[in-house]
1. Apply the Karplus curve 6.51 cos²θ - 1.76 cosθ + 1.60, θ = phi - 60°, to the phi angles in the stretch 350-365 and return the couplings in whole Hz, x for Gly and Pro.
2. Largest first, how would F326, F278 line up by accessible area (1.4 Å probe)?
3. Can you send over the solvent-accessible area of V366, 1.4 Å probe, protein chains only, in Å² to the nearest 10?
4. Would you mind checking which residues have amide H under 5 Å from G303's amide H? H placed 1.01 Å from N; only 5 or more apart, or other chain.
5. So what's the stretch 201-276 giving for Cα Rg divided by 2.2 N^0.38 Å, two decimals?
6. Calculate, axis by axis, the spread of Cα positions in the stretch 273-314 along the three principal axes, and write the results as whole Å, longest axis first.
7. Work out the FRET efficiency for V298 and S55 from their Cβ-Cβ distance, taking R0 = 35 Å, and round it to the nearest 0.05.
8. Which value, in Å², gives the accessible area per residue of the stretch 197-264 when a 1.4 Å probe is used on the protein heavy atoms?
Amino acid sequence: MLNRLPALSAITLAGFLPACGLLPGTGPTSDAVNGYATAGIRSTASLPYALVDISSDTIGFLSQPNLITFAGTFPDKRAKPTQVVGVGDVLNISIFEAAPGGLFTPGTSAGARPGNFVDLPPQAVDQKGSIYVPYAGEVPAAARTIPEIQEAVVARLRNRAIEPQVVISFNQQHASVVSVLGDVNAPGVLPLNSVGERLLELVARAGGPKFQAIESYVTLQRNGKDARVLLSRIVHDPRENVFIRPNDVIFINHEAPTFTALGALNQNIFGFNSEIPFDVETLTLSQAIGKAGGLSDVQSDPGEIYVYRFEDRHFLEKLGVDTRRFILDKIPTIYRINLRDPSGLLLSSAFQMRTKDVLYIANAKVVDYYKLLTLINNTTTTVRNVNSGVHEIAAPLN
């Protein structure tokens, strides 16, 4: 009877195998997903990517906190914009003459209106770009400055009025406007000040941001181009507080900079691998590792630390990467650093993380061997326990 016990144990284990489908789980198995698919696209091709070592040769580029800037994207160096009139603008026009009794001002007879000027009804710039001034006719106004329009009207009236002078001002602005949208307290379309305004002035006029500057990104759109910069950086760097042009669009959105930490890390303050906020304007790789709880002493390989991100083509070309085999301008890039190198911590303290980066700490190679030993040990223990149980059942039968 006892000789049959090993065979009985094997039969018992085989009987348990079909019951594995009844064990707890968090979702369908990979076999179920693959087996029940009606249609799909399957591929074994890996995504092409660039691999860059963080070293003394590359850290000069990688230590820059933010490569995209307003000053670099919109390199207009004029001190302030020259404001011009556009179609749809409404103008106030006042015409002065040197003496009464002229073309627009009555004489000194009883009941005459005092003063030597006349205010015309507000004039809108029509679709042809012109305004109408009595005795001057249609005067081109679109794409001209206020002084240029004043001189044009004076030239038309010089031979008809008494030493005419003309004063023109904006009544309503519809052409030289800026749209400020998103997470501001009073979004809307704002007319530009004639002396020129910078970005932060427009944000202030729109009621200011709803969230902290460190959690607000500003996107500036101009002439088909756009750039996105953290608001706190604009506040701290006057070069980023650029002059705004007519028809610019300023969009502010709330997005706290974060990175994702995965791999062989200690239990961090969140208790698991997770998306972690920067909480500061700029975050280095060494700070990111610290925020994630540090490397696991029994699991991690300090020589295999990676940062995943999509990098701009022109930046990788500056680093010396051959990008000809990549199709898109955003290239999948993996940065690698070796903390076994004594200079590795210094390099990691200079490497700048960016929002949406993925930090991955690889396992040490011995961990796979340890996992295999643990699996074998657990399996042996299970078989031993089953055999012991079978012996206990079979003992009374003897």
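The values are calculated or read from the model by the stated rules, or taken from the named source; none is laboratory data. Bear in mind the structure is a predicted one, so any value in this text is a computation, not a measurement. Because the Cβ atoms are built from the backbone with ideal geometry, glycine has one as well, and the counts that use them run over all protein chains shown. Just the protein is used for accessible areas: all its heavy atoms, side chains included, with ligands, DNA and RNA removed. Shrake-Rupley method; radii C 1.70, N 1.55, O 1.52, S 1.80 Å.
1. 9, 5, 9, 6, 10, 4, 6, 5, 10, 9, 10, 10, 6, 6, 5, 4
2. Correct descending sequence by accessible area is F326, F278.
3. Its accessible surface works out to 90 Å², give or take rounding.
4. Distant-sequence amide H within range of G303: L339, R340.
5. Values: Rg = 16.6 Å, N = 76, 2.2 N^0.38 = 11.4 Å.
The stretch 201-276 yields a ratio of 1.45.
6. The Cα atoms of the stretch 273-314 stretch 39, 25, 17 Å along their principal axes.
7. On the way: r = 28 Å, r/R0 = 0.80.
It comes to 0.80.
8. Working: 2950 Å² over 68 residues.
I get 43 Å² per residue for this part.
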